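Okay, structure first, notes after.
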Amino acid sequence: MLDRQFTHCMLRPDDLEPSDERMKVVGTFNPGITQLGDQTVLMVRVVEAPIESRRGFLCSPRLHPQHGLVLDWFPAEEHDATDPRVYTHRIHGTIRLKFLSHLRVFRSSDGKTLDSLEGKVIEPQGEYETYGIEDPRITQIGDTFYIAYVCVSHHGVATALMSTKDFESYQRHGVIFCPDNKDVLLFPEKLDGQYVAMHRPMPMMKFTTPQIWIARSPDLLHWGHHEQLIGNGSQWMRDRAGGGTPPIKTEQGWLTVYHGSNKLPGQGGAGVYTAGLMLLDKKNPSKIVGRSSEPIMEPQAEFEKRGFLDTVVFPTGLLERDNIYYVYYGAADDAVGVAGFKREDFFDALG
Ligand code: MAN
């Protein structure tokens, strides 16, 4: 674990008003991050759960493309509800979320505190987003910001793309990685004439523990040339491994922070989510040129240890200011945090 220069909690669920009177805000986390002029833009995942409860019933919210918010009620005995995030049908094994996520955009002038809590809302849209949109990752390519985000529906968990030039109006480009695939990170420039992305397939056939893959595309929409990047790794990422922060270019190569969780098979909860550091070759990012042997970040502050899902740090954005790397992350599936690390400590950790 590396020494932090600072840790700030930037946003908590209590800070925000719900988007509908039937809902309460239960999470504000996993922010997409970019720099726009002299402001840092944070596109935060806001999670809302139904307020009402009915004895003997469970409720799962969804957004109907025409009718808006719908609350579905099921007999409680049909589902296992022990996971704080999902209900699992006892016969079909299918899941429904206990909550619904949308995105809100905030700005920060100092990179550590939000200028205002009035966040502009981005709602789920269409058939592939009925169970919510989550975990946006922002990459600036030329003068356009591309946002790869998770879209959840009864079809599964996929990744879709939207773009904007000003964070006021957005263009939707549809699903770019089909279910189940999350944690898609775009590189900020073409390499060898192709766009590049890291992604995380989540196969149902468990030949492997989770892996991060890399893919290429001529146009950001059609992805191919898939190659495995990392996986089957250390104890700290035996249950989960996934891309974290969109890679940033350094003299030495592409720098990115990724996450892993150490849950054992059959163990309850989600395990401990920690973060590692990785450096990819400047010209050929399928080649790893440096990697921290241990996590650089683990749940440390109280707001990272206790929340909706305890002991989670989940990095989703990386910026450099005055030789300090600012890592933005979701804490305990609950709050937005930012932690600062010395530039030289990052490069020492890469070995
Ligand atoms: C997991 C968690 C949830 C998320 C669903 C769907 O269960 O990451 O927070 O809502 O996947 O993406």
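Key figures for this structure:
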{"item": "Rg to Rh quotient for the range 1-85, alpha carbon positions, Kirkwood Rh", "result": "1.10"}
{"item": "GLU77 paired with LYS165, simple spin-label distance in nm, labels 7 Å along Cα-to-beta-carbon", "result": "6.0"}
{"item": "Approximate spin-label separation ASN284-HIS92, in nm, with each point projected 7 Å along Cα-to-Cβ", "result": "4.7"}
{"item": "Spherically averaged projected area of the chain from its Cα convex hull (nm²)", "result": "16.9"}
{"item": "Förster radius 35 Å - calculated FRET efficiency between ARG54 and ILE141 (Cβ-Cβ, nearest 0.05)", "result": "0.15"}
{"item": "Rh by Kirkwood over Cα pairs, then Stokes-Einstein D for the range 201-278 at 1.306 mPa s and 10 °C, µm²/s", "result": "114"}
{"item": "At 1.002 mPa s and 20 °C, Stokes diffusion of the range 243-351 via Kirkwood alpha-carbon radius, µm² per second", "result": "150"}
{"item": "About the Cα centre, charge dipole magnitude for the range 222-328 (Lys/Arg +1, Asp/Glu -1 at Cβ), debye", "result": "240"}
{"item": "Dipole of the range 289-351 [Lys/Arg +1, Asp/Glu -1 at C-beta], most positive-end residue of PRO299, GLY340, LEU319", "result": "LEU319"}
{"item": "Listed residue pairs exceeding 28 Å between alpha carbons, taken from LYS120/LYS283; LYS112/LYS287; LYS182/LYS206; LYS165/LYS305; LYS98/LYS182", "result": "LYS120/LYS283; LYS112/LYS287; LYS165/LYS305"}
{"item": "Percent of Cα pairs exceeding the 22 Å cut-off, where the set is the range 112-184", "result": "25"}
{"item": "Estimated 222 nm signal from helices in the chain, with DSSP H stretches of n ≥ 4 weighted -39500 (n - 2.57), rounded to 500", "result": "-500 deg cm²/dmol"}
{"item": "Average Cα contact separation per residue, the range 93-145, under 8 Å, 6 or more apart, as relative contact order %", "result": "34"}
{"item": "Estimated vicinal HN-Hα couplings, Hz - the range 269-282 in sequence order (Karplus 6.51, -1.76, 1.60; Gly, Pro = x)", "result": "x, 10, x, 9, 8, 10, 10, x, 10, 9, 10, 10, 4, 4"}
{"item": "Candidates PRO84, PRO299, PRO315: whichever shows maximal mean-square fluctuation once the chain is modelled as a Gaussian network with Cα springs under 10 Å", "result": "PRO84"}
{"item": "R0 of 22 Å, Cβ-Cβ distance THR250-GLU189: FRET efficiency to nearest 0.05", "result": "0.95"}
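No value in this document is a laboratory result; all are computed from the given coordinates. No experiment lies behind these values; they were computed from the predicted model shown. Cβ coordinates were reconstructed from backbone atoms using ideal geometry, including for glycine residues, and neighbour counts include every protein chain displayed.
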